[in-house]
Structures are given as structure tokens and as C-alpha cells.
Amino acid sequence: MADRELTFEIFRYNPAKPEIKPQMQTYKLKETTGMTIFVALNMIREEQDPSLMFDFVCRAAICGSCAMIINGRPKLACKTLTRSLPKKIKLFPLPVFKLIGDLSVDTGTWFRNLSLKTESWVHTSKTFDPTKQEERMDNKTALEIYEAERCIECGCCIAGCATANIRDEFLGAAGINRVARFMVDPRDERTPEQYFEVVGCEEGAFGCMGLMACDDNCPMELPLQMQLAFVRRKMASIGLGVKQESKVKMGVG
Amino acid sequence: MSIYQTHITDVLIVGAGLAGERIAVESASQGHDVTLLSLVPPRRSHSTAAQGGMQASLGNCAMGEGDNSDVHFADTVKGSDWGCDQEVARMFVETAPLAVREMAIWGVPWNRVVAGQRKLPDGRVIEEKKEKEGLITARDFGGTAKWRTCYTADGTGHTLQYTMDSMVVKMGITVHDRTEAISLIHDGERCVGVVARCLRTGDLRVYIAKTTVICTGGYGRLYSASTNAVINEGNGMFVALNTGIVPLGNMEAVQFHPTGMVPVWILITEGARGDGGYLLDKNLYRFMPDYEPKKKELASRDVVSRRMTQHMRAGHGVDSPYGPHLWLDIRHLGAQHINTNLREIANIARNFAGVDPVKDLIPVRPTQHYSMGGVRTNKDGAAYGLKNLFAAGEAACWDLHGFNRLGGNSLAETITAGQIIGKKVAEFTKDATLSYSYKLVDDAVKEQENRIKALVHGWNGKESVYEVRNEMEKNLMDYVGIFRNGKDLQTAVNNLQEVYHRSLKIGLKSNGEGPNPELAQALRMTGMVRLALCIAYGALMRTESRGSHAREDYPKRDDTNWLKRTLAYWPEGADLPELKYEPVKITELPPGDRGYGESSAQSKGGK
Ligand SMILES: Cc1cc2nc3c(=O)[nH]c(=O)nc-3n(C[C@H](O)[C@H](O)[C@H](O)COP(=O)(O)OP(=O)(O)OC[C@H]3O[C@@H](n4cnc5c(N)ncnc54)[C@H](O)[C@@H]3O)c2cc1C
Ligand code: SF4
Ligand code: SF4
Ligand code: FES
């Protein structure tokens with residue numbers, strides 16, 4: 001691997017300049033030890049093409065900013081070593097999301113919309129009383145909530161999903177996982193029927209075709225397959241009018 | 001006249017990390033119209049990256065028993081090396097437990113006390129009490145007398161930021177992400193808002209507000225090696241400094257962490273050394289015992305960092321395209337131990353540096369980690385120098401941390417300050433009126449338009465923004481690092497002055513159209529170099545060692561002359577900041593021995 005010369009083919013398009021058609025541009029770079037796509041793209045921008053647009057924030061697989069299509073697969077660029085790829089590296093922006101330019105897409109608007117649609121906050125009638133001790137919670141439950149909350153909104157599951165690519169309003173695996181996050185949270189007072197309103201439709205759990213591209217692509221290795229099945233099962237049973245005894249029983253997996 | 005979109009709001013918050021969002025929630029819940037600006041979607045803010053935890057003296061877990069706000073106060077003041085504002089520290093420690101509990105109601109899945117016995121890695125056995133089961137627990141962090149750091153697994157920052165943002169979404173607070181404030185609009189007395197650049201289109205916009213709050217986070221990225229997110233460039237600080245009348249406090253106080261991984265500078269926690277990892281040089285020689293025979297690799301954070309730098313300066317570093325570094329060796333711990341107890345470290349090494357620590361060495365170097373300095377405010381969070389301007393979080397020098405921050409006190413600061421300062425902002429805004437002159441705003445926008453034109457056309461010169469940036473980073477890293485001396489600092493100041501003049505002559509290579517990233521960087525560059533000079537010059541003038549500021553030529557803390565805070569101003573036309581000083585007020589705890597150097601503080605845990 002030492003001394004490889006890498007060839008990057010990068011998608012270029014600036015929506016502010018629609019007269020210039022989308023095109024692929026080639027850059028060459030000498031590979032260094034431990035080089036990631038993050039390191040490479042920054043080198044290209046600093047040394048070869050300062051106009052190249054792409055997003056990184058944490059560069060540590062924590063913030064979800066840098067997902068792109070790398071040799072055909074949606075991945076976090078900061079966590080992808082060039083060493084794991086052939087000499088030729090093709091980079092495209094994520095589909096589904098609105099293109100800002102080159103490799104940069106607007107995941108922020110999409111995910112805020114998702115939060116609004118799924119009402120991604122704890123629905124509770126309790127208010128904070130500063131004089132009181134916190135309410136108790138079982139540590140196991142706390143960890144379970146955290147497991148479902150680990151999604152970093154990178155969009156890899158959405159980009160790789162056939163349904164999301166054809167249906168604008170589809171919540172995708174990230175959205176369905178989000179709903180599961182609140183379903184397992186005993187602090188959330190929503191009833192199963194209220195959840196049904198959110199995900200019991202073609203835009204939600206029933207739009208999913210179960211091909212599991214999402215599960216394969218999730219860089220956080222969230223058990224999306226399990227979450228989808230769990231939510232779908234719940235929705236189906238509510239849809240069929242089966243009364244839920246108590247939402248506390250809705251543990252994931 | 002210029003054509004631009006104008007947004008008018010009661011409270012304008014620049015920065016949507018934890019501090020900014022908490023203030024937004026407070027202001028909105030008191031009926032104000034609030035607008036948040038952020039470079040990135042709020043959930044991508046740097047706060048999300050914090051893993052370790054947030055300090056609050058709940059005293060629920062066994063090792064936290066007997067903890068209270070007084071103990072937290074003493075730890076914080078000692079940690080600050082008596083550089084902090086004790087009135088602020090007092091408010092902070094009283095509010096932190098409420099902040100943690102409130103976040104629990106809002107949705108943070110804090111880890112909880114599990115009753116029963118547990119064996120610690122060092123062999124001690126502790127027993128968690130049955131009656132505490134289910135309450136919020138805490139973990140051990142450096143520099144604290146009790147276990148006080150509340151956490152959610154390894155994702156504390158993530159869960160806090162997602163929960164906070166869920167409140168922002170729920171309340172329907174306006175967020176303009178991918179929007180960068182590039183200057184403050186003010187008349188020399190009052191701040192009336194900002195000029196911003198849309199990072200989607202490149203257009204300029206105007207935001208007018210009764211109250212403006214700077215919550216833009218730290219300036220880690222001024223250094224070439226930093227554990228910070230790449231957007232932490234000190235924006236809010238230099239935007240304030242550029243007014244010429246708002247001072248920055250204690251910019252020379254910069255915290256370093258010994259083991260950032262090369263070349264991506266992701267933090268490798270002290271756990272690796274705690275479990276028996278060694279540091280090696282280019283000859284695979286274990287050098288720490290030569291410098292610190294007793295504590296070796298486990299000396300305190302700042303001591304290890306200093307020794308590593310010293311050793312590299314003596315020519316023992318490993319050369320790499322990313323500069324010299326050292327090795328962290330954990331191979332002898334064995335695959336079993338590495339893949340279980342140190343799994344996170346092993347994954348980071350594999351994913352980001354492509355090394356397998358079971359058989360390979362991990363490249364590491366001391367790395368910038370936290371900025372204690374920032375926009376100087378009073379205890380209400382109001383900035384010095386301009387009315388209607390506030391600041392909070394890492395961007396501010398409120399001054400809770402003085403010359404050294406304790407792990408876990410920063411997340412706690414963001415939310416606690418958000419609560420306390422948020423209330424003050426809301427109160428202030430109730431009585432404030434929106435009044436500004438059209439000309440003032442128009443002039444402010446024109447000034448930015450002209451800067452952009454000059455950069456795009458290269459009217460002032462053809463300096464490369466990335467070269468200027470690299471020079472700045474290198475000078476800070478090489479001469480204003482972990483340990484400092486008069487000679488190096490003078491070199492840094494001289495070099496940075498030259499870099500400063502180059503920064504005024506930047507010309508773009510690309511055309512600057514649309515959301516052009518080179519232009520975004522160029523617009524920040526002069527401000528960033530000004531911050532670098534505030535750091536270097538402040539450090540040169542401070543002839544003592546205090547907290548993270550360690551002068552080889554003045555190794556002792558000097559309370560007689562230096563129990564004071566640096567205020568850095570940037571007068572118009574200057575190429576060096578003007579430094580003034582104000583005394584540090586001591587209200588409760590008189591200066592004493594910090595008890596550092598041995599094991600007591602800073603040497604364990606935390607991030
Ligand atoms: C690796 C790492 C681990 C850490 N772990 C811990 C820990 O365990 N415990 C702890 O207490 N602390 C920890 N810290 C420190 C802590 O995370 C930060 O100090 C804290 O999160 C800062 O929060 P903030 O709200 O002030 O700023 P940030 O979270 O940095 O937010 C800044 C916001 O400002 C916006 N912004 C910046 N400039 C502009 C501009 N010009 N215009 C518009 N918007 C702008 C950004 O988009 C962002 O939204 C850690 C730090 C690092 C680097
Ligand atoms: S399983 Fe469902 S959500 Fe996942 S990729 Fe396939 S259609 Fe999309
Ligand atoms: S579920 Fe996984 S792939 Fe989808 S957005 Fe979240 S982290 Fe990314
Ligand atoms: S930059 Fe944050 S996930 Fe890649």
C-alpha cells in the first residue's frame with residue numbers, strides 16, 4: 001500500500017450555477033499512512049481546488065455530517081480509510097437530500113422535518129420542580145433508550161433505501177428508529193394509538209419494503225432491522241384493533 | 001443600496017450548541033421571539049462530541065456520597081488555580097444539579113444507580129445502596145474529590161444536545177442553520193444584531209435583535225492539532241474582538257491533552273495509560289520514566305503533555321507528513337484486554353488511523369483540547385464594552401474555569417450558564433427596545449460586501465488563505481503550546497504579526513461564487529490571526545505559571561502580581577492586541593495550594 005497514487009473522481013455541481021452541468025472531476029493524490037477520506041478531501045481542497053464543497057464537523061464519526069457515496073456505498077467519509085479502497089475512488093453526494101453543492105447535501109432540513117413529523121420530544125404532563133429529587137429510572141431502561149438514541153442523523157440509511165428514493169415523505173429507518181426511541185421511554189405518555197397516527201402509514205412503517213439496505217449501511221450499527229420489525233408489528237396490531245395493555249411492555253427486542 | 005434579506009427578532013443567538021440552545025429555550029419560554037444561527041444543523045454542534053459527562057453534585061452514587069455544592073465549589077476553584085470568578089463558581093455549583101435533573105425530565109437517559117457490590121479496575125470494592133437505586137449516578141473524572149460526573153454511557157454530549165434540540169423543535173424556535181455571523185452591527189454603545197452569510201447560497205443577510213448572544217464555542221482549530229470539531233475556529237470571539245471595544249478574557253489559558261491521535265487528532269483517553277500503556281519515541285525507547293521516575297506515563301495531564309513536547313523538541317519524535325509524533329504502545333496488554341476493556345480506543349485506532357493496537361503502535365501527540373478564554377462577560381453573561389450583547393458557553397469567559405477547566409465542568413457550564421444567563425437575557429430583553437438606524441445597518445453590510453469583493457478580486461494581494469492558516473497554526477503549536485517561555489513566545493508574536501499582515505492581503509484562487517468554502521475561510525482568517533495574537537501576546541506578558549499556562553522561565557504561580565484576568569482589546573489599525581487587566585475577585589476561598597503534581601488532580605479519567 002505504500003506509495004500508492006490515488007485517483008479521486010468527484011461529483012461536481014453548484015446549484016447556483018445551473019448553466020454548468022454536473023460533471024465528474026479527477027484529482028490525484030499520494031496516499032499517506034492512516035489517510036482517511038477526510039484527510040484526502042482537505043488536502044485536495046487546500047492544494048488543488050479550493051472551491052470543492054463537502055462537510056465535516058467532528059471528523060470522528062460522532063456528528064453525522066460527512067456521509068457520502070463512496071465507491072457506490074453510503075458511508076461516513078471521516079471513518080473511511082483510503083487503505084480500505086482500491087486506487088480509484090469515486091465520490092458522490094447522498095441522494096434523497098437536497099444538494100447544496102458538490103458533495104454537500106442538506107441533511108439538517110430533512111432531519112428537522114423528521115423530528116417535527118414524529119414529534120421527537122418526550123410528551124409529558126410533568127413539569128420540572130427544582131425542589132424535588134429526580135424521578136427514578138431503572139438503569140436497564142436508561143441504557144435501552146440510549147441504544148435507540150444513538151442515531152447520528154447521517155442519512156446513510158435514507159440514501160440507501162429504495163422507498164426513500166421514490167417516496168419524498170417516507171420517514172425511513174432513521175424515522176422509524178426515532179419513534180422506537182420514544183416508545184421505549186417510560187417518560188413519554190403517548191399511547192400506542194397516538195404513535196399509530198405518526199408511523200402507521202405508507203410514509204411510515206408500512207412503506208418499508210424490508211430489503212434492509214438501511215441496516216447494512218448504518219455506521220452506528222443500530223439494529224434497524226429489529227426496530228423496523230418491532231414498530232411494524234406494533235402498528236399492525238394496533239391497526240387490527242388489538243388493544244395494548246400497557247406501553248411499558250413495548251421493550252425493543 | 002444593497003439588497004439583502006433582513007430578519008428581525010427579540011433575541012438573536014449566534015450558535016446552537018448546548019449553551020445557545022439552552023438560552024433559546026429560556027428566552028422563548030418567557031415569551032420572546034428567538035432566532036438561532038448555526039454553521040451546521042444544531043445536532044452537529046461540537047457539544048455532541050463530548051462523551052465523558054457533566055458534573056453536578058447529586059451525591060447519589062457510593063463514591064459520590066457526601067458530595068455537595070461546597071465540595072464542587074472547592075474543586076472548581078482549585079482546578080482554576082484561583083483564576084476563576086468565585087461568585088460565578090458559586091452560582092454554577094448551586095445550579096448544576098438542577099440542570100441535570102431538568103435534562104432528565106426533558107428526556108436525557110442518564111445512567112442510574114444500580115444497587116449492589118461492584119469491583120473497580122484498581123481492585124477496590126464499592127457498594128451502591130438499595131435506597132439510591134434508580135437515581136442518577138456519576139463516574140470518576142480527574143480533579144474532583146467525589147465522583148460527580150453524570151453521564152449517559154459514552155454519549156453524554158449526544159444525548160444532551162439531542163434532548164435540548166428536541167425542546168427547540170417542540171417550541172418551534174426559529175433556527176437558521178448553515179448561516180454564519182461574520183460581523184456585529186453596533187454603534188459603539190449598543191449591539192443591534194449581526195451581518196451573516198448564508199452558507200447555502202453565499203448571500204449576505206442582516207439579523208436585527210434587541211439582544212444578541214454569542215454562543216459559538218471554542219477556538220481549538222487555531223492550533224494545527226486539536227481534539228475539537230473542525231468548525232471550532234473561535235468565530236464568535238473574533239467577531240466580538242473586531243468591534244474594537246469588546247475585550248476577550250484570559251485568551252492565553254489553553255488546555256492540552258497528551259494523547260490526540262495523529263493525524264486526525266481524535267482523543268485517546270487516559271484510560272489507555274491508566275491500564276498500563278507506555279509512550280515510546282522514534283527509537284521505541286520508553287522515555288517517561290527518565291522525566292518522571294515516580295508517576296511515569298501517569299503523571300498529570302499537563303505534565304505528560306509537557307514532557308512529550310520536550311522530548312520531541314529534543315529530536316526524538318517520529319517524523320511523519322503530519323509533523324513529529326510519539327507512539328502509544330498497548331500491545332503488551334494483549335488482544336483479550338484490548339478488545340474488551342479498551343474496545344473504544346481500539347476501534348478509534350482501527351477506524352481512523354488504520355492501526356490495530358493489538359499488533360501496531362498508535363501515533364499520538366499532545367493536542368489542544370479546550371479554550372478557557374473568550375468574550376469577557378460579567379456574572380450575568382453581559383459582554384464588556386457593548387450593551388445588548390451577551391455571551392455564554394465555551395465562547396465566553398464568564399469566568400468559571402479560570403486557568404484550567406476540570407473535565408465535566410464544561411458541559412455543566414453550557415447548560416447551567418444557559419439557565420442563569422438565559423434568565424438574564426430574557427429579563428433584559430423585556431425592557432429593551434428595538435431601535436437602530438438604517439444607515440448603521442447599511443454601512444455594516446457594505447463593509448462586508450467590500451471585504452468580499454476585495455478577496456474575490458485579490459485587490460489587496462494574492463496570499464493563499466490556506467498558507468496563512470497553516471503558518472498561524474504552526475506558530476501557535478510550536479511556540480505557544482503546552483509549555484512556554486519568553487523567547488518562544490516572542491518568536492510567536494513576531495511571526496504572528498507577520499502572518500497577520502499577510503492575512504490582510506489574502507486573495508482567492510477560486511471565484512468565490514455561491515457557498516464557496518474558500519471565501520468562508522478567507523472571511524475568517526484575519527479574525528483568527530487576531531485571536532492567535534491575543535493568545536500569544538497574553539502568554540508572553542503573563543510572567544508566571546497558573547493552571548494550564550506553564551512558563552518554564554517563570555515556573556511559579558505569582559499571586560502578588562498576577563491574581564488578575566487578562567483583557568485583550570483590538571484597537572482599530574493595530575497589529576497587536578492591547579492588554580488590560582482586572583483583579584480576580586476572591587469571595588470565599590483564598591488562594592492556596594492546588595495539590596497538583598501528585599495524583600490528586602487531573603491525572604485520571606475524563607476527556
Ligand atoms: C473531544 C472532546 C470531548 C469533550 N468531552 C467533554 C466532556 O466529557 N465533558 C465536558 O464537560 N466537556 C467536554 N468537552 C468540552 C465541551 O464539549 C465543550 O466545551 C462544549 O460542548 C461547548 O459547548 P458550546 O455550546 O459552548 O459550543 P458548541 O457546542 O461548540 O457550539 C457552537 C455553536 O456555534 C455555532 N457557530 C460557531 N460560529 C458561528 C458563527 N459565526 N455563526 C453562527 N453560528 C456559529 C456552531 O455551529 C455551533 O452550533 C469535550 C471537548 C472535546 C473537544
Ligand atoms: S428495510 Fe425499509 S427502511 Fe430499510 S432500506 Fe429497505 S425499505 Fe428502506
Ligand atoms: S439510523 Fe444509522 S444510518 Fe440512519 S441516520 Fe441514523 S446513524 Fe445514520
Ligand atoms: S465528520 Fe462527524 S461523522 Fe464524519
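Read-outs: derived from the displayed coordinates by stated rules, not from any lab. Everything quoted here is computed from the prediction, not taken from an experiment. Here Cβ is always computed from backbone atoms with ideal geometry, including for glycine, and neighbour counts include all displayed protein chains.
Close amide-amide hydrogen proximity is noted between B:Phe390 and B:Thr212, B:Val213, B:Ile214, B:Ala383, each under 5 Å apart and 5 or more residues distant or on a separate chain (H modeled in the peptide plane; Pro and chain starts excluded).
Pairs over the 26 Å Cα-Cα cut-off, from the set A:Lys140/B:Lys119; B:Lys424/B:Lys446; B:Lys474/B:Lys505; A:Lys126/B:Lys170: B:Lys424/B:Lys446. Computed from phi, the 3J(HN,Hα) profile of the range A:183-194 under the Karplus parametrisation 6.51, -1.76, 1.60 (θ = phi - 60°) reads 4, 7, 8, x, 6, 7, 8, 5, 8, x, 5, 5 Hz, with x in place of Gly and Pro. Across the range B:569-575, rounded Karplus estimates of 3J(HN,Hα) from the backbone phi angles (6.51 cos²θ - 1.76 cosθ + 1.60, θ = phi - 60°) give 10, 10, x, 4, x, 6, 10 Hz, Gly and Pro being marked x.
Over the residues of chain B, the helix contribution to mean residue ellipticity at 222 nm works out to -10500 deg cm²/dmol, using -39500 (n - 2.57) for each DSSP H run of at least 4. Taking every residue in B:261-270 and counting other chain Cβ atoms within 10 Å of its Cβ, the average works out to 3.
Name the most mobile residue of A:Ser237, A:Ser115, A:Ser65, meaning the one with the largest mean-square fluctuation, in a Gaussian network model of chain A with Cα contacts below 10 Å. Taking springs between Cα atoms under 10 Å, the residue moving most is A:Ser237.
Which of the three applies to the range B:114-161, rounded, prolate or oblate, going by the alpha-carbon gyration tensor with a ≥ b ≥ c and a/c under 1.5 meaning rounded? Taking the square roots of the gyration eigenvalues as a ≥ b ≥ c, the range B:114-161 is oblate. Residues of the range A:138-161 with an amide N closer than 20 Å to a point placed 7 Å from the Cα of A:Glu221 along the Cα-to-Cβ direction: A:143-158.
The simple spin-label model puts a point 7 Å past each Cα toward its Cβ; for A:Asn113 and B:Asp360 those points are separated by 4.1 nm. Taking amide hydrogens as placed 1.01 Å from N in the peptide plane, the amide H of B:Trp147 sits under 5 Å from those of B:Gly64, each at least 5 positions away in sequence or on another chain. Neighbour counts of other Cβ atoms within 10 Å put A:Leu6, B:Leu241 in the fewest-to-most order A:Leu6, B:Leu241.
The relative contact order of the range A:119-250 comes to 29 percent, based on Cα pairs under 8 Å that sit 6 or more residues apart. Calculated mean residue ellipticity, 222 nm, chain A: -9500 deg cm²/dmol, from DSSP H runs (n ≥ 4) at -39500 (n - 2.57) each, averaged per residue and rounded to 500.
A straight chain from A:Arg233 to A:Phe206 at 0.36 nm per residue would run longer than the Cα-Cα distance by 8.7 nm. Derived scalar couplings between HN and Hα for the range A:130-144 equal x, 8, 9, 5, 5, 6, 7, 9, 5, 4, 4, 4, 4, 5, 5 Hz in order, rounded to whole Hz, by the Karplus curve 6.51 cos²θ - 1.76 cosθ + 1.60 (θ = phi - 60°), x for Gly and Pro. In this simple spin-label approximation, B:Lys294 and B:Glu344 carry label points 7 Å from Cα along the Cα→Cβ vector, and these lie 3.0 nm apart. Taken residue by residue and averaged, Cβ atoms of other chains lying within 10 Å of the Cβ of B:96-107 number 5. Qualifying GluC sites (Glu not before Pro) in the range A:4-95, where qualification requires a DSSP coil assignment and no more than 11 other C-beta atoms within 10 Å, comprise A:Glu19. Dipole orientation for the protein assembly as shown: of the candidates B:Trp327, B:Thr76, A:Met220, B:Trp327 has the Cα lying most toward the positive pole (charges on Cβ; Lys, Arg +1; Asp, Glu -1). Sequence-distant or interchain residues sharing an amide H contact under 5 Å with B:Lys564, placed H: which? HN-HN under 5 Å from B:Lys564: B:Val584.
Summarising the strand pairing of the protein assembly as shown, around 70 percent of its internal DSSP beta bridges are antiparallel. Projecting label points 7 angstrom from Cα along Cα→Cβ for B:Lys387 and B:Glu572 puts them 2.1 nm apart. For the peptides A:93-102, A:116-125, the ranking by mean Cβ contacts within 10 Å, running from highest to lowest, is A:93-102, A:116-125. Rounded to the nearest 20, the Cβ-based charge dipole of chain B about its Cα centre (Lys and Arg +1, Asp and Glu -1) stands at 720 debye. As a calculated quantity, the FRET efficiency between B:Glu87 and B:Lys453 at R0 = 51 Å, using C-beta atoms, amounts to about 0.65. For the listed peptides B:364-376, B:195-207, B:90-102, B:108-120, a ranking on the average number of other beta carbons within 10 Å per residue, highest first, reads B:364-376, B:90-102, B:195-207, B:108-120. Each of B:Leu533, B:Gln51, B:Ile214 was scored by the projection of its Cα onto the charge dipole of chain B, and the greatest displacement toward the positive side belongs to B:Gln51; charges sit on the C-beta of Lys, Arg, Asp and Glu. Among the trypsin sites (Lys or Arg not before Pro) in the range B:219-316, those placed in a DSSP loop whose Cβ has at most 12 other Cβ atoms within 10 Å are B:Lys294. Taking a ≥ b ≥ c as the square roots of the eigenvalues of the alpha-carbon gyration tensor, the range A:1-124 is classed oblate because a/c is 1.5 or more while a/b is no larger than b/c. When a/c is below 1.5 the answer is rounded, else prolate if a/b is larger than b/c, else oblate, so apply that to the range B:380-501 with a ≥ b ≥ c taken from the square roots of the Cα gyration tensor eigenvalues. It comes out oblate by the Cα gyration axes. Note on B:39-52: average number of Cβ atoms from other chains within 10 Å of each residue's Cβ is 5.
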